[in-house]
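Right, one structure below, let's go through it.
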Amino acid sequence: MTVAVAAVDLGASSGRVMLGEVGPDHLRLEAAARFANEPVRTPDGLHWNLLELYRQAVLGLGTAVRLAAGTRTGRLASVGIDSWAVDYGLLRDGRLRGIPFHYRDERRGEAGPAAVHAVVPPEELFARNGLQHLPFNTVFQLAADPRAHEADRLLLVPDLLGHWLTGAEVTERTNASTTGLLDVRTGEWDDELVARLGLPRGVLSDLVDPGDTIGALSPDVASAVGADGLPLVAVGSHDTASAVVGVPFERADAAYISLGTWGLVGLELDAPVLTEDARRANFTNERGVDGTIRFLTNVMGTWVLSEAMRAWGRTDLPELLAAAVDVRGDVPVFDVRDPRFVPPGDMPARIAAWCEEHEVRPPGDPATTVGSIVQSLAAAYARALDRAADLSGQRVEVVHVVGGGSQNALLCQAIADHSGRPVVAGPVEATALGNVLVQGRAAGAVPGGLGELRALVRRTHDLRRFTPARAAARMAT
Ligand code: LFR
């Protein structure tokens with residue numbers, strides 16, 4: 001049996017609605033819609049344009065319904081939504097209170113973390129929720145958000161869009177695990193933590209798991225998209241959870257880098273690693289599909305490159321990457337993990353400032369800067385891969401790079417060179433594939449566990465392989 005499903009996949013810089021066809025030997029995506037995700041700055045800070053994303057999602061679903069009419073089954077079996085994590089909307093009596101903030105909004109600063117740590121020290125917080133310290137984790141945002149106490153419901157971004165589509169108010173568990181309010185051991189809301197932080201427990205809704213049916217499209221939406229009774233099915237609604245479903249692992253001793261605006265570097269494990277070393281190394285234990293743990297760390301991703309392009313007013317990344325290959329001599333390597341690179345703004349100037357402060361010759365022209373960014377990202381990924389292996393005790397012999405960044409051959413080769421490990425690049429649309437696969441399985445079109453789903457990705461997608469240039473590179477880094 002082959003089914004058709006629609007995946008709404010919202011990344012930090014672009015979104016898409018994909019028609020997915022899934023069967024035991026069949027896995028195919030077709031874009032129903034692609035659109036930019038452009039945040040909006042208002043006097044009170046940086047916001048997501050969620051209304052525009054919702055509008056695009058509904059339009060895209062209408063197109064997916066029409067495309068599905070031409071597939072074997074002739075209709076969509078379900079819809080699934082994933083997006084970036086941590087950010088949320090607050091509702092009261094079903095109405096949105098304020099425009100949701102962007103996790104790159106500088107406004108909140110350290111107020112949230114300070115308020116939380118005054119009550120629950122960082123060591124205890126990590127023991128309870130297993131998360132790396134990111135100042136924008138939901139728990140910190142909420143602690144500095146006065147609207148939280150006026151609200152009766154908090155919904156994470158995919159759940160908020162799902163609420164607008166269906167009326168349901170639920171929280172999908174993989175994304176809930178990024179809030180900081182989920183017990184890392186049980187996967188349930190940590191009621192004691194919520195109470196100690198003085199947060200209103202009533203705003204948190206029931207948890208659902210990937211594969212669960214959330215509800216049918218409301219009559220208005222169903223008539224707008226032309227599909228009566230179409231169900232919304234929970235997927236790994238945290239985009240990184242869906243991306244990891246789409247990693248075509250060939251062997252157990254492999255790591256992944258989910259490479260979009262962030263580079264999420266880590267391993268899939270059965271159980272969390274809650275050691276003091278893991279906390280200090282800023283590794284996180286987020287929940288994956290089927291009860292897995294995503295043991296990873298957030299490293300800078302293609303954001304630093306796209307912000308540099310934006311500052312130069314250039315859109316010709318392939319040309320700049322080609323020019324970067326020809327740059328002679330060593331390019332400066334800077335610390336891409338420095339928090340100064342997280343907010344939007346003039347990236348080349350910040351890179352130059354970092355280099356000057358560290359007595360490194362700053363890169364001059366755009367080609368050298370691009371080369372410098374690529375080598376700096378790869379060096380940071382190599383270090384994170386070694387740390388992931390050390391902290392978990394799992395060997396890492398192969399590195400899978402998935403997501404938009406897997407198309408960047410210069411970067412994939414640099415990752416192989418810096419880490420001394422072969423890199424398997426692709427699929428580009430791992431997140432949408434993970435979303436589609438979980439829906440396909442829920443519809444009964446593909447049996448089995450994650451291993452079978454990944455085997456299907458391997459059978460249906462071309463992967464590119466990069467061999468480390470220097471076998472000794474791993475020893476040297
Ligand atoms: C990637 C991602 C990361 C999360 C960051 C902020 O798109 O979801 O996993 O840490 O965005 O939500």
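The values are calculated or read from the model by the stated rules, or taken from the named source; none is laboratory data. Values in this document were obtained by computation on a predicted structure and should not be read as measured data. Cβ sites come from the backbone with ideal geometry, for glycine too, and all protein chains shown count toward neighbours.
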Taking V116 as meeting all but one of (1) in contact with a Ser or Thr (Cβ under 6 Å, 6 or more places away or on another chain); (2) not in a loop (DSSP other than H, G, I, E, B), write down the number of the exception. (1)
With respect to A12, determine if the residue is in a strand (DSSP E or B), under 25 Å from the mean Cα position of the chain (by Cα) and aliphatic (A, V, I, L, M). no
Among the residues of the stretch 344-392, count how many are touching a residue at least 12 places away in the same chain (Cβ under 8 Å) and either among the hydroxyl-bearing types (S, T, Y) or not in a helix (DSSP H, G or I) (or both). 14
Failed criterion for A243 (all others in (1) away from the ligand (no atom under 11 Å from the Cβ); (2) among the hydrophobic types (A, V, I, L, M, F, W, C); (3) touching a helix residue (DSSP H, G or I) at 6+ places or on another chain (Cβ under 7 Å); (4) over 19 Å from S419 (Cα atoms) hold): (1)
Which residues, counting only those in the stretch 295-315, are of a type in the set (V, I, T) and within 16 Å of the ligand (Cβ to nearest atom)? T297, V299, T302, V304
Does G266 satisfy being within 16 Å of the ligand (Cβ to nearest atom) and over 30 Å from L91 (Cβ atoms)? yes
For helices (runs of 4 or more DSSP H) lying entirely in the stretch 156-196, having 3 or more residues that are surrounded by fewer than 24 Cβ atoms within 10 Å (Cβ to Cβ) picks out 157-166, 191-196
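Which residue is surrounded by the most Cβ atoms within 10 Å (Cβ to Cβ), if the candidates are limited to the stretch 127-152 and must be part of a helix (DSSP H, G or I) and more than 16 Å from the ligand (Cβ to nearest atom)?
A143
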Which of the residues that make up the stretch 169-200 are under 18 Å from G94 (Cα atoms), of a type outside the set (A, V, I, L, M) and modelled with pLDDT of 95 or more? E169, T171
Hits in the stretch 67-86 - residues which are farther than 18 Å from L165 by Cβ and either within 16 Å of the ligand (Cβ to nearest atom) or assigned to a helix (DSSP H, G or I) (or both): L67, W84, A85, V86
Of all the residues that make up the stretch 199-240, how many are within 22 Å of L450 (Cβ to Cβ), of a type in the set (S, T, Y) and away from the ligand (no atom under 16 Å from the Cβ)? 1
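In the set L51, L10, which member is buried (at least 17 other Cβ atoms within 10 Å of the Cβ) and among the aliphatic types (A, V, I, L, M)?
On the way: L51 fails: buried (at least 17 other Cβ atoms within 10 Å of the Cβ).
After applying the criteria, what remains is L10.
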Is it true that A57 is within 22 Å of the chain's Cα centre (by Cα), in the same structural domain as G15 (by TED's automatic domain parsing) and in contact (Cβ under 8 Å) with a residue 24 or more places away in the chain? yes
With respect to V374, determine if the residue is at pLDDT below 95 and hydrophobic (A, V, I, L, M, F, W, C). no
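Quick test for you: out of G404, G393, G371, pick the one residue that is in the same structural domain as L296 (by TED's automatic domain parsing), over 23 Å from the mean Cα position of the chain (by Cα) and surrounded by fewer than 21 Cβ atoms within 10 Å (Cβ to Cβ).
Numbers: G404 fails: over 23 Å from the mean Cα position of the chain (by Cα); G371 fails: surrounded by fewer than 21 Cβ atoms within 10 Å (Cβ to Cβ).
None of the others qualify; the one that does is G393.
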Can you tell me how many residues in the stretch 22-54 are outside any loop (DSSP other than H, G, I, E, B) and in contact (Cβ under 8 Å) with a residue 60 or more places away in the chain? 11
Could you pull out the residue among T275, T292 that is more than 11 Å from the ligand (Cβ to nearest atom), touching a residue at least 60 places away in the same chain (Cβ under 8 Å), within 26 Å of R387 (Cα to Cα) and over 17 Å from the mean Cα position of the chain (by Cα)? T275
For L230, indicate whether it is assigned by TED's automatic domain parsing to the domain that holds A143 and closer than 16 Å to G167 by Cα. yes
